[in-house]
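Note sheet for the following structure.
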Amino acid sequence: MFSLLATFSTTLLAAPTTPGKAKNTPPQHVENPEAPTILQAEQITGRPARDLYLDYEVEIERDQTLITGDHGIFRQEENEAEIIGNVFIQRFGDQYTADRGNLNLDTGEGSLTHPTYKLAANKARGTANRIELTGNDNTDIFKGTYSTCEGNDPDWYLKSSKLHLDNARNVGYATSPVLYFKDVPILASPAMTFPVTSERKSGVLPPTMGMTSKNGLEVIVPYYFNLAPNYDLTIFPNLMARRGLQLGAEARYLGNNYSGTTYVEYLPNDREADRDRYFFSSRHQQAFNNGWSYYWNVKSASDDNYPDDFSSPQNRSELERLLLREGGINKYFGIWKTTLRATNYKVLQDVESPIIRPFDRLPQLMISGGQEDVNGIDWHLYSDLTRFWLSNSELDKMPLQQQSRGNRFIMKPEISYPIYRGGYFFTPKAILNVAKYDLEESPYDVTSLTRVLPTFSLDGGLIFERDASFFGESMIQTLEPRLFYVYTPYKDQSEYPIFDSGEPSFGYALLFTENRFDGYDRIADANNLTAAVTTRFIEKDGAERMRFTIGQRYYFSDQRVYLYNTNRDESKNRSDLLLMANGKIIPTVSIDTSLQYNQSTQKVYSANFSTQWKPGRMKLLNAEYRYLRDTVDFYGNELDQINVSGQWPIAQRWYAVGQISYSLPENRTIENIFGFEYNADCWIFRLMAQRYATSSIESNTAFYFQLELKGLSKLGTNPLNALQRSIPGYEPLSP
């Protein structure tokens, strides 16, 4: 009795194959046909040109394939191995164990008896009575299980009579599947399909379930059509316990020079409202090689109460009360861009807080162009011809100054000569504001108005640097003083209409603008100087660590142009004082603060203080205070709020998430969300409750849960959009 270590090597040739072209098909597994086949065993017998018998510590290797076992037969003519006892096969990262198995090294076809498996593509694993390898990219699993959980006792698994995995098409087909969670069956179906990897595929999406105070229990069963790599369609019937069956669909498409989305939902015979309800949204943009392009953005809803009844944490941004309907065409002529568009709004009125309807633009023609660094000079020209229109009934709801309609032509040429050097910058600029109004309606009985106003500005600053220390760390500190002077002569504009202009909140950006009004209906008289100083702490790698700024505007003459004709006293020689600080005090603590202080009245006009503590992944606490004098929030209350939010581990694998918005004047919470997340590696459970506003007097309360089975599906309602919007810095437990 003796032991012999034998090694046998042979090179087998195979005809190369050319894979067929397929849409959205991942590359197939391909081995090198020139690679040698290496056989090892303690004992090898047989004929070298025919069958070889291998015994004890058998090992067969070829390129991406490794086979081991106790005993085996290698048929050289077929290039096929048959192994008995402690079979182990590794092929392209996939691993199999079995009592008995065979594999053709050329075709990848074979079978395994009583196997276990582990797939490289998505870390899936399971057991079976039998596995048939029907090719390099196809696997049939009979009377087996499927799970992405580690270990022999998975928390969840899919059990089916037959499971076909098609890696080339990225799809798994299960016959008579039953989904088990904690050994309890939670879902069964005659058949099921699911993606093998994270790529898209057609099929029934997991049902989502939730409950709201407006609609009761909601159950949605979407179906996804992966029509092509660049467009798809999702339909989603939504059964609402209180209202009925709502039907919805979303189509998306994306091309080299076009893209768009169309979304529609329709509820016939709403049992609560006793009428049909609908919402529609469509966006499209397309460009052509000759410089032409066009777009549209259209939204509509059946009634004013639609946002109250159907808004959710997922679609609140879509269900606005001002629904835009706009379309236009663009054309580029070298440095010039021409746009012709029409704009209209559908207003979903809030009874308690009426909305003033914006003017329709029917149509608007815009021409703009410019160049930079033409012999050191930058120039730009913007022109606009618009017909502003509203019905008589809508005009009567407007403030007196806005009860006008007609045509407006504006032209705004500007020229500047920027000078930038290592330690300073200086930019003189000249602007000419030209406007002409031809009015059909006016409260002042004027039909034609013309305005030509020049504006001159000088913007300059210095930049100093020095080595410094910030909380014990070596950094570079800058000191950046800046002056900005503006002069615009006064012109009485009290009879000019206001079509699309406003007065933004005072802030740092407004300190360095020539016109304190938005839009072109008002050009502010100016003879003022802005002075500001910024200091920054910059780390050695160039990242900005902290920034502090203080700024104020000084008036050399009284302001006489107002947005509306009100008797305001603007005879002051300086603006409010602005103070700001933002950045990271230490690597785990960041702040973002701003303060607007009126030195004459010694009152704070606005304040925002926010801080974030983030000592690690998924450890996060936010605190914010917001105050704005003479301004109301969404609920009609004075804007004086405290917001607290966070994400924090509370036990092993358990995380708490939440957000509270508290109104100090009302002494009550105005919006909040609370929930828990559990991360078990191969599955995640989320349980959330949220209360949010749908109008100034209406609120909705929603409850939802989600069970995410990694590598298979998600059951329940997805709360991630609400969490990411409500909790700054929130990190999902899984990518």
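The values are calculated or read from the model by the stated rules, or taken from the named source; none is laboratory data. Fair warning: this is a prediction, and the values are worked out from it, not measured in the lab. Positions of Cβ are backbone-derived with ideal geometry, glycine not excepted, and every protein chain shown enters the neighbour counts. When the accessible area is computed, the model is the full protein with side chains, heavy atoms only, and any ligands, DNA or RNA have been set aside. Shrake-Rupley method; radii C 1.70, N 1.55, O 1.52, S 1.80 Å.
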One finds, for Ile419 and Ser161 with R0 = 60 angstrom and r their Cβ-Cβ distance, a FRET efficiency to the nearest 0.05 of 0.15
Between the alpha carbon centres of segment 410-453 and segment 321-380 the gap in Å comes to 17
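Ordering Met211, Met192 from largest to smallest accessible area (1.4 angstrom probe), what's the sequence? Write out the running numbers ahead of the final one.
Details: Met211 95, Met192 35 Å².
Sorted by accessible area, descending: Met211, Met192.
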Each label sits 7 Å from Cα toward the beta-carbon; between Ile650 and Asp276 the label points are separated, in nm, by 4.7
Quick shape check on segment 428-494: root eigenvalues a ≥ b ≥ c of the Cα gyration tensor, a/c under 1.5 is rounded, otherwise prolate if a/b tops b/c, else oblate, and it reads prolate
Ignoring ligands and nucleic acids, Phe464 exposes an accessible area, probe 1.4 Å, in Å² to the nearest 10, of 100
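For segment 259-304, what does the relative contact order come out to in percent, with C-alpha contacts under 8 Å and a separation of six or more? Don't skip to the answer; put the middle values down first.
Details: 78 pairs, mean separation 15.9, N = 46.
It rounds to 34 percent for segment 259-304.
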Using alpha carbon centers only, segment 100-177 is separated from segment 482-561 by a whole-angstrom value of 67
Its Cα gyration tensor gives segment 391-479 an equivalent ellipsoid whose semi-axes in whole Å, largest first, are 50, 21, 8
In whole percents, the bins of 10 Å from zero upward hold the Cα-Cα pairs of segment 274-370 as 14, 36, 27, 17, 6, 0
To the nearest 20 debye, the chain has a Cα-centred charge dipole, built from +1 on Lys and Arg Cβ and -1 on Asp and Glu Cβ, of 1040
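Could you calculate the contour length gain from Arg100 to Asn86, that is, 0.36 nm times the residue separation minus the distance between their Cα atoms, to one decimal place in nm? It would help to have the intermediate numbers written out before the result.
On the way: separation 14, 0.36 × 14 = 5.04 nm, distance 0.76 nm.
In short, 4.3 nm is gained.
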Counting only protein heavy atoms and leaving out ligands, DNA and RNA, the solvent-accessible surface of Arg47 at a 1.4 Å probe, in Å² to the nearest 10, equals 150
Expressed per residue, the solvent accessible area of segment 441-510 in Å² (1.4 Å probe) is about 53
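As a test of reading the structure, rank Arg522, Arg130, Arg50 by solvent-accessible area (1.4 Å probe, protein chains only), most first.
Values: Arg522 0, Arg130 95, Arg50 120 Å².
Per-residue accessible area, sorted high to low, gives Arg50, Arg130, Arg522.
Helix-only mean residue ellipticity at 222 nm, the chain, DSSP H runs n ≥ 4 weighted -39,500 (n - 2.57), per residue, nearest 500. What is it? Before the final figure, lay out the partial values.
On the way: 4 runs with 21 residues, N = 735.
Result for the chain, helices only: -500 deg cm²/dmol.
Relative contact order, percent, of the chain when contacts are C-alpha pairs under 8 Å separated by at least 6 residues? Mind dumping the intermediate values first?
Numbers: 1907 pairs, mean separation 41.8, N = 735.
Relative contact order for the chain comes out at 6 percent.
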Binned at 10 Å starting from 0, the alpha-carbon pair-distance distribution of the chain in whole percents comes out as 2, 10, 14, 18, 18, 14, 10, 7, 4, 2, 0, 0, 0
Quick numbers on segment 320-372, Rg and Dmax over C-alpha atoms in Å, give 15.8, 50
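Over segment 491-561, what lengths in whole Å, largest first, do the semi-axes of the equivalent ellipsoid take, defined as the square roots of 5 times the eigenvalues of the alpha-carbon gyration tensor? Write down the numbers at each step before the final one.
On the way: eigenvalues 231, 45, 10 Å².
Ellipsoid semi-axes (Å, largest first): 34, 15, 7.
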Expressed per residue, the solvent accessible area of segment 101-180 in Å² (1.4 Å probe) is about 39
For segment 365-406, the Cα-Cα pair-distance distribution in 10 Å bins from 0, as whole percents, is 23, 26, 21, 17, 12, 1
The distance between the Cα centres of segment 658-692 and segment 81-98, in whole Å, is 49
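So which GluC sites (Glu not before Pro) in segment 332-410 end up in coil per DSSP with only 13 or fewer other C-beta atoms within 10 Å? Show your work: numbers first, answer last.
Values: sites: Glu352, Glu372, Glu394; in loops: Glu352.
Answer by residue number: Glu352.
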Each label sits 7 Å from Cα toward the beta-carbon; between Tyr678 and Lys572 the label points are separated, in nm, by 5.7
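What dipole magnitude, in Debye to the nearest 20, does segment 268-379 give about its Cα centre under +1 on Lys/Arg Cβ and -1 on Asp/Glu Cβ?
The calculated dipole for segment 268-379 is roughly 520 debye.
Quick one: work out Rg over Rh on the C-alpha atoms of segment 143-220, Rh as Kirkwood radius.
On the way: Rg = 14.7 Å, Rh = 14.1 Å.
Here the Rg-to-Rh quotient is 1.04.
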With Rh as the Kirkwood radius over Cα pairs, segment 403-455 has Rg/Rh of 1.31
Here the FRET efficiency for Ile642 versus Gln349, based on Cβ atoms and R0 = 30 Å and rounded to 0.05, is 0.45
Residue separation between Trp336 and Phe142 times 0.36 nm, minus their alpha-carbon distance, gives in nm 63.2 nm
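Carbon and sulfur: what percent of the chain's accessible surface (1.4 Å probe)? List each step's numbers first, then the result.
Values: 20280 of 37250 Å².
In the chain, the share of accessible area belonging to carbon and sulfur is 54 percent.
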Extend 7 Å from the Cα of Ser557 along its Cα-to-C-beta direction; within segment 505-526, residues with backbone N under 16 Å of that point are 515-516, 523-526
Projecting the Cα atoms of Asn667, Ile186, Gly248 onto the charge dipole of the chain, where Lys and Arg contribute +1 and Asp and Glu -1 at Cβ, the residue farthest towards the positive end is Asn667
Order by accessible surface, 1.4 Å probe, largest leading, for residues Glu731, Glu465 comes to Glu465, Glu731
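Contour minus end-to-end for Glu539 and Glu441, with contour as 0.36 nm per residue of separation and end-to-end as the Cα-Cα distance?
Numbers: separation 98, 0.36 × 98 = 35.28 nm, distance 5.98 nm.
Difference between extended and current length: 29.3 nm.
To the nearest 0.05, what FRET efficiency results for Asp492 and Thr427 with a Förster distance of 35 Å applied to their C-beta separation?
Working: r = 30 Å, r/R0 = 0.87.
Given R0 = 35 Å and the Cβ-Cβ separation, E is 0.70.
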Pseudo-spin-label distance Val452 to Leu664, built 7 Å along Cα→Cβ, given in nm, is 5.2
For Thr234, the accessible surface traced by a 1.4 Å probe with all protein chains present amounts, in square angstrom to the nearest 10, to 30
Averaged per residue, the 1.4 Å probe accessible area of segment 245-329, protein heavy atoms only, in Å², is roughly 51
Protection proxy (average C-beta count within 10 Å per residue), highest first, orders 81-88, 602-609 as 81-88, 602-609
